[in-house]
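Report on one structure; see the data block that follows.
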Amino acid sequence: MNKKVETQGKRILLSETVELGHKNQKGQVFTDPNEMFFDAERTPAFLTGSEVIREAIKRSSLDISVAYPITPQSEAAALIGELYAEGYLGDYFRGESEFAVMGECAGAAFGGARVFTTTAGPGTMRAMENFPMWAGSRLPIQVCVTCRGINSPLSIQPDTLEIYYLLETGMLVWHAETAQDLYDWILGGFLVSEQPDVHVPLALCCDGFFVTHTKDTVLLQSEEMCLPKYDPYRSPVTCMDMEVPPVRMMRDPFVMKSNYISYMTHASWQLEIHAAVERSRKHTKALMGGSLIETENLDREILIVSSGTAVSQGREAIRLLEEEHGIKVGLVKIKSLRPFPHEEVREATANAKHIIVPEFNVVGWLAREIKAIVPNNERVYAGPHVAGGMTMPSEVIVEEIMKHLGIKANTLSSRGS
């Protein structure tokens, strides 16, 4: 079975210097991304999320990947190593720690390389200092964050708390629901983050195990296609030039000579990074089908609004609510967290009386984001929450919604008794 992917909105902007139609050393053809994403025939494959990462990187014209093992991203990192052995990327090695990995990725990106790495949970936290540095240095590195628990007691199970810490690093932050999202957004992420008016890193997040280790049917382009190579000279910051910001800013004595100059330099640069994230909106919309959200049945008074695999659990909860209780609920799937779809969410939820936000973390960071932007935010119900890797059965979402509506329902623990 072959299938094309349809899209709306603007097309992906491409460097005029790329050599489309030429072949790399593996015989892959450098292909216009617009053809790869929107026109090329696709064939289904039944893969784990880790295998999906391998397939995306195989078509990414990647220059370098640096790896360090931590569950649940270790398998993906190892599979990228196999691609290096097969000749699909320029360099690959293991760093000394998660912190070292992100510094080594920065060095490669400063030198003009297209860079990809993976991390998870405590690894994300150990590496955290590097992420604002990447953004401030305008390095379009992509890191796939396979979310897991970060707090004590230790858990290797899915928990999206680390996304909360990433939101204000200056990076783009996307949250994949499915393996198909993960595959498409790895490829598309390079194109968005490398745009001259963007040129900041991307944290592409997915929920560990739920996505990385389960199998799903994913539509793939021919492996004979690959993205055009990264053109570092489209960067708004000259490649490894020590006389222009941000590199000079980080080492030049003028910062120590004048507090006023230092304050102004840092303030203006941080504002520019936030502006770059905002400018990515138009490119991200083009990649994601014309919108940063997906919606179903917005005419309903109750809406589930979520991101990642909580969306999948919400879909099943919607089916159960209608079939078992006659309660009709709509859905809003948030795909990009930075930039955040403020206008789309406000418009989608304008007529809802109840906005339910299930999350795989204890703090409810997505509900906070939504409460901050929608009018009459008492409509937003933060929950249900699970944390530390607990699963969130769709029945739990059903129970929470019925409890919120004041309708008595059997608890999940009483089912079958």
Take the cross-link list Lys23/Lys58; Lys282/Lys353; Lys353/Lys403 and give me the ones stretching past 23 Å between alpha-carbons. Lys282/Lys353
Enclosed volume per residue, in Å³, of the convex hull spanned by Cα atoms of the range 293-414: 97 Å³
How large is the dipole of the range 293-414 about the Cα centre if only Lys and Arg carry +1 and Asp and Glu carry -1, each at its Cβ, rounded to the nearest 20 debye? 260 debye
State, as an integer percentage, the relative contact order of the chain based on alpha-carbon contacts under 8 Å between residues 6 or more apart. 18 percent
Rounded, prolate or oblate, given the Cα gyration tensor of the range 328-379, with a/c below 1.5 counting as rounded? rounded
Across every pair of different alpha-carbon atoms, what Kirkwood hydrodynamic radius in Å does the range 29-234 reach? 16.6 Å
Mind telling me which of Glu223, Glu323, Glu399 comes out most flexible in a GNM of the chain, alpha-carbon contacts under 10 Å? Glu323
For a footprinting-style exposure proxy, rank Trp185, Trp365, Trp174 by other Cβ within 10 Å, fewest first. Trp365, Trp185, Trp174
Restricting the calculation to Cα positions, tell me the Rg (one decimal) and the Dmax (whole number) of the chain in Å. 21.7, 74
Using just the Cα positions, wrap the range 270-327 in a convex hull and report its mean projected area in square nanometres, one decimal place. 5.7 nm²
Based only on other Cβ atoms within 10 Å, what is the fewest-to-most ordering of Ser307, Ser152? Ser152, Ser307
Between Leu298 and Leu271, the FRET efficiency computed from the C-beta separation at R0 = 41 Å comes out, to the nearest 0.05, as 0.75
The chain, Gaussian network, Cα under 10 Å: of Phe360, Phe131, Phe99, the residue fluctuating most is Phe99
Selected from Leu187, Leu287, Leu320 as most flexible by GNM, with the chain as the system and alpha-carbon contacts under 10 Å: Leu320
In the range 72-115, GluC sites (Glu not before Pro) in a DSSP loop with at most 15 other beta-carbon atoms within 10 Å: Glu96
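Read-outs: derived from the displayed coordinates by stated rules, not from any lab. All of these numbers come straight from a predicted model, not from anything done at the bench. Cβ sites come from the backbone with ideal geometry, for glycine too, and all protein chains shown count toward neighbours.
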